[in-house]
Amino acid sequence: MDNPEKYLTTAGGRITCLRCSAMSKQSRLQCRKPALNLSRTQKCGHHGGKSTGPLTAEGKARIGKAHLLHGEETNQRKLERSEGALKLAQLEDVAHAIGLITTAPRTPGRKPLGYRAIRTLEEAKAWVVEDALQQIKAAPEAE
């Protein structure tokens, strides 16, 4: 549809209202539902007409700080998961460096943030000492 219709006539021609401006990606047809009155985006309730989201700068900052995409995971939880993945990747490198794992290939894929490859025995020893010191520093905070 090249020219989307702006108005919709309902109730047997007695009511004229704005038509939802959402377009289908597959059929390229405009939505047939009426747009909501409170919608600034001219969308029906199905296509996001009810959702206004945070309107003030303070509200937008609060949502941006607290959540990531769709609020599925907080920044704190993402950081904890990333630290765990980093530790597992480093432990895998240490196991390869000391010869504990000889036949299995390394785990493929993107490495976590802060990852440093450990290839030699000296690097493995340094990492173990550094990790132990970090655990000692973190121990008083946990108590």
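The values are calculated or read from the model by the stated rules, or taken from the named source; none is laboratory data. This structure is a prediction, so every number in the text was calculated from the model and none was measured. For neighbour counting, all protein chains shown are included, and Cβ atoms are generated from backbone atoms with ideal geometry for every residue, glycine included.
Of all residues in region 109-132, those that are over 17 Å from L79 (Cα atoms) have Cβ atoms under 6 Å from Cβ atoms of residues that are assigned to a loop (DSSP other than H, G, I, E, B) and aliphatic (A, V, I, L, M), 6 or more apart or on another chain, in A124/I98; A124/I118; W127/I118.
Can you pull out every residue in region 68-99 that is more than 28 Å from A138 (Cα to Cα) and either among the aliphatic types (A, V, I, L, M) or touching a residue at least 12 places away in the same chain (Cβ under 8 Å) (or both)? L69, the sole residue that qualifies. Within region 83-99, can one find any residue that is in a loop (DSSP other than H, G, I, E, B) and not acidic (D, E)? Scanning region 83-99 turns up at least one residue that is in a loop (DSSP other than H, G, I, E, B) and not acidic (D, E). Under the condition of being modelled with pLDDT of 80 or more and assigned to a helix (DSSP H, G or I), the residues counted in region 47-75 number 6.
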